[in-house]
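Here is the structure we will look at.
The values are calculated or read from the model by the stated rules, or taken from the named source; none is laboratory data. All of these numbers come straight from a predicted model, not from anything done at the bench. Ideal geometry is used to build each Cβ from the backbone, glycine not excepted, and the neighbour counts take in all protein chains shown.
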Amino acid sequence: MRKKAIDRSKCRGCKNCELACIAVHSAGTTTHTAYATGMKTTERARNKVEADPQNKSFPQFCRHCDEPACVEACTSGALTKGADGLVVCDHDICIGCYMCVMSCPYGMARPSVQTDGKMIKCDGCRGRDVMACVAACPQRCLTAVEVDDPGGGHLIYADEPAPNACGSKP
Amino acid sequence: MNRCATADPGLAEFIQSKTTINTAFDRFVEQGVRCGYGELGVCCRLCSNGPCRITPDAPKGVCGATADTMVARGFLRAVAAGAACYLHVVESTARRLKAIATGVSPLTLRAPESVDALAALLGVTGATCAAKAAAIADAVLADLYRPRHEKMTLVARMALPARMARWREVGLLPGGAKSEVFDALIKTSTNLNTDPVDQLLHCLNLGICTGLYGLALTNMMNDIIMGEPEIGTAATGFSVADPAYINIGVTGHSHSVFAGLIEFLETKEGQALGRAAGAHGIHIVGITCVGQDMQLRNAACGSGVFSGQAGNNFTQELMLSTGAIDMLVSEFNCTLSGIEPIAADYKIKLVCLDDVCKQASAELLADTPGRERELARKLCELAVESYRTRRPLVTIDVPQHGYRDVVTGVSEKSLKKLLGGSMQPLIDLIANGTIHGVAGILGCSNLAAGGHDVTTVALTRELLKRDILVLSAGCTTGGLANCGFCSPAAKEWAGPGLRAVCDKLGIPPVLNFGPCLAIGRIELVAAELAQLMGIDIPQLPVVISAPQWLEEQALADGCFGLALGLTVHLAQPPAILGSALVTKVLTEDLPGITGGRVLVEMDPVKAADQFAAIMTQKKRALGIGGAA
């Protein structure tokens, strides 16, 4: 099972992981095509490099939680957790109620910036040979690892952040 | 070892044999993933609120700058820096010409017969040849130093009337070239100009400064100082370095900076210095464009002391690792930082002649017009000293590499002479369909477009197959020559029409115009073709390409091509694709402004097909070339 290992001490905040995410989810799947028509038609990234309380870069990604708050809050049934451990959204079903957006403790259930008003989130690059964010990380802060256990979420932190009191179980 | 590829098999073999040095071929792989925002041009580092990057979550910088503003601003800065580099070269060349003409410098002009023609072109007069040469230099320098509100005067004398009219109409005529660069820096600083279109027009203005002054006038003055190019045969590749000699490697772009050294090495006294050290004498080995320029004028100067052109920009680290170079002298750019540790390992003396290219471990011996002979003697003494101390300590490993039958010395003048005194035969060959069109394969080499010279070679091969005559200048030529394209046997790679032309004229299908400065010569050829045909440049079945452009100077060159109204192909886009507006202006709207446009295509087969289609379309419009 493919998971994402994160050594956040290596993150320099370049946001290349965000750009890779934008590109791979755009129609042409390259950075060039994603920006070809200007920002009006470009979908935002499903990840975000944030600053932690010590003001250090913190690459924020969907955990694909074992007990996902977003799935629990989803009113339409669009969000499901698959056998591969990935929590994904079926855009044909999503109605854009944003209950997931309000319930995700990590801010990784995001409203689309496009006109359809649906939610977007990390799909773990299911079906792609490599995870786009991992391939684009110049620091090797992000790496892909193969593990047997589908539980415990999608992310493996070298330096685990403090658990969020109101969060779902990663 | 995982290293970047090269199109040159001999070089590839040599790279693989060198396991103890670190070169650009290693570092390209080490660098790994590139920054996507930088590549798109949507990262701005102009103020302390940034760096700002444009994303859908943050579509504007802190100041409010859009992707369009950021991209145009970054592009103008790059073009201004590139223009500045070439303007430095034309300035130092004009200062040398002035110093020689006024007797401040003890050197002599090698082609005084060329003074009259250039004086007439520029509209300057003088009682003697020397006075005319001084007047030429004065006119060039006066234009360079004008304020921005005064237009440069030589533009109208250099440009085709049709171009001049278009430039005036669009507002592209430049004021003093250095002031244009200066104000480009102002425009692109924090919270100043935010108008992408204004900035792109400024780029074209700087293109005109670069092309007419940095390129064309530098060549014309160098032809007077160093001699006119003549078509001949020369050797290229690493084998040109003969270890029996003390070898002074040269990198840079200003041929006439070496006027004093070449003159001294041509004397018995100069060579005696080398022989006294136990060598056969002292030779110059060309690396990068200044070597291409020496090769171009080999017939006119330095024959016997110039051993040949070793290779283009990314060969220099490997050339030093042959151990055969005793001293490396750089006078301008394309001198990689990576040579310093290799020079230390191989105990090679490094000298810079200009602080603009000062390397940390090099000795700076500033070149001053009037003191050329002292500098030449000093350089030779340093080379001798380096030879004596290092040769017992280093292993020499010069591979069999390159070609001995490279056709060189092609210029706008020597080509015309070859064609019988007029460019008309070339027009006839296009008009009767024997050759499909003319492509300029110009500029640099890089490692990013598939590897060193990989795209240049692949594109050239495709163009030749399609009977497209290739004119080449810059590191592209250095690479193509080392891959056999500038040797007569390369005609076998050409289509039947072009091959017949090669047979008839005894030329290879790729004409070697020498250094990147000679992009100015190729554009003069285009202007002359247009003039003879009574049309404007955008109507010509000519495409230019900088397939593996590397640096800011190449962008300034490209802007000249765009100002001239040519289609300019690049395999990799410059950092513009983050802006839909800038991309649209350069690739779609420019034909309505200057007639030129940018064509980005990485695939060499698709690019060649597009070149051929553009040529067909232009010939159809002219009703020539069997393209009904």
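List of remarks:
- Subset of the stretch B:185-222 [of a type in the set (G, A, S) and buried (at least 24 other Cβ atoms within 10 Å of the Cβ)]: B:G207, B:G211, B:G214, B:A216
- Residues located in the stretch A:105-120, provided they are in contact with a Gly (Cβ under 9 Å, 6 or more places away or on another chain) and closer than 29 Å to A:G38 by Cβ: A:P111, A:S112, A:D116, A:G117, A:K118, A:M119
- B:P547 vs. criteria touching a strand residue (DSSP E or B) at 6+ places or on another chain (Cβ under 8 Å), at pLDDT 95 or above and closer than 30 Å to B:H88 by Cβ: yes
- Per the listing B:A94, B:A81, B:A99, the residue uniquely more than 28 Å from B:L261 (Cα to Cα), modelled with pLDDT of 95 or more and away from chain A (no Cβ under 14 Å) is B:A81.
- Qualifying positions in the stretch B:47-73 - within 11 Å of chain A (Cβ to nearest Cβ), within 15 Å of B:T194 (Cβ to Cβ) and over 34 Å from the mean Cα position of the chain (by Cα): B:P59, B:K60
Residue-wise test of (1) among the charged types (D, E, K, R); (2) surrounded by fewer than 24 Cβ atoms within 10 Å (Cβ to Cβ); (3) closer than 30 Å to B:V454 by Cα.
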site	(1), (2), (3)
B:M226	no, no, no
B:I248	no, no, yes
B:H253	no, no, yes
B:E263	yes, yes, no
B:I282	no, no, no
B:G286	no, no, yes
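- Considering the stretch A:136-147, the residues that are aliphatic (A, V, I, L, M) and within 13 Å of chain B (Cβ to nearest Cβ) include one that is nearest to A:N16 (Cα to Cα), namely A:A136.
- Among the candidates B:I624, B:I614, B:I576, residue that is at pLDDT 95 or above and part of a loop (DSSP other than H, G, I, E, B): B:I576
- Pairs where the first residue, in the stretch B:439-456, is within 24 Å of B:I614 (Cα to Cα) and part of a strand (DSSP E or B) and the second is at pLDDT below 95 and not polar (S, T, N, Q), C-beta under 6 Å, 6+ apart: B:G440/B:I522; B:L442/B:I519
- Extreme residue, nearest to the other protein chains (Cβ to nearest Cβ), among residues of the stretch A:1-13 that are buried (at least 16 other Cβ atoms within 10 Å of the Cβ) and in contact with a Gly (Cβ under 9 Å, 6 or more places away or on another chain): A:K4
- Taking the stretch B:1-119 as the region of interest, the helices (runs of 4 or more DSSP H) fully inside it that hold 1 or more residues being closer than 30 Å to B:V140 by Cβ are B:67-101.
- Some residue of the stretch B:92-109 being out of contact with any strand residue (DSSP E or B) (no Cβ under 6 Å at 6 or more places or on another chain) and more than 27 Å from B:L265 (Cβ to Cβ): no
- The residue of the stretch A:1-23 that is nearest to the chain's Cα centre (by Cα), among those that are charged (D, E, K, R) and assigned to a helix (DSSP H, G or I), is A:E18.
- Unmet criterion (only one of (1) surrounded by fewer than 23 Cβ atoms within 10 Å (Cβ to Cβ); (2) more than 12 Å from chain A (Cβ to nearest Cβ); (3) touching a residue at least 60 places away in the same chain (Cβ under 8 Å)) for B:E39: (2)
- In this structure, B:I507 does not satisfy being assigned to a loop (DSSP other than H, G, I, E, B), touching a Phe, Trp or Tyr at 6+ places or on another chain (Cβ under 8 Å) and farther than 21 Å from B:L212 by Cβ.
Here is a yes/no grid of residues against (1) part of a helix (DSSP H, G or I); (2) more than 14 Å from the chain's Cα centre (by Cα); (3) farther than 18 Å from A:L19 by Cβ:
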residue	(1), (2), (3)
A:V88	no, no, yes
A:H91	no, yes, yes
A:V101	yes, no, yes
A:G107	no, no, yes
A:V113	no, yes, no
A:D116	no, yes, yes
A:D129	no, yes, yes
A:V134	yes, no, no
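- Meets criteria (of a type in the set (D, E) and within 17 Å of B:A580 (Cβ to Cβ)) for B:E39: yes
- Of B:L570, B:L581, all but one fail to be at pLDDT 95 or above and away from every other protein chain (no Cβ under 12 Å); the exception is B:L570.
- Selection status of B:E381, touching a residue at least 24 places away in the same chain (Cβ under 8 Å), acidic (D, E) and surrounded by fewer than 22 Cβ atoms within 10 Å (Cβ to Cβ): yes
- Which listed residue is buried (at least 24 other Cβ atoms within 10 Å of the Cβ), in the same structural domain as B:P196 (by TED's automatic domain parsing), small (G, A, S) and touching a residue at least 60 places away in the same chain (Cβ under 8 Å), from B:A72, B:A81, B:A101: B:A72
- A residue that is away from chain B (no Cβ under 11 Å), without any contact (Cβ under 8 Å) to a residue 12 or more places away in the chain and over 19 Å from A:P111 (Cβ atoms) occurs nowhere in the stretch A:61-71.
- B:A127 part of a helix (DSSP H, G or I) and not charged (D, E, K, R): no
- The residue list B:P538, B:P591 contains one member that is in a helix (DSSP H, G or I), out of contact with any Leu (no Cβ under 9 Å at 6 or more places or on another chain) and within 16 Å of B:M615 (Cβ to Cβ), which is B:P591.
- Of all the criteria given as (1) within 14 Å of another protein chain (Cβ to nearest Cβ); (2) surrounded by fewer than 24 Cβ atoms within 10 Å (Cβ to Cβ), the one not satisfied by B:A131 is (1).
- Test: residue in the stretch B:604-616 that is farther than 21 Å from B:T66 by Cβ, within 14 Å of chain A (Cβ to nearest Cβ), buried (at least 18 other Cβ atoms within 10 Å of the Cβ) and β-branched (V, I, T): no
- Here the stretch A:29-38 is the region considered, the condition is being under 20 Å from the mean Cα position of the chain (by Cα) and surrounded by fewer than 22 Cβ atoms within 10 Å (Cβ to Cβ), and the residue that is farthest from the other protein chains (Cβ to nearest Cβ) is A:T29.
- Every residue from the stretch A:42-52 that is under 15 Å from A:C21 (Cα atoms) and more than 7 Å from every other protein chain (Cβ to nearest Cβ): A:R46, A:N47, A:K48, A:V49
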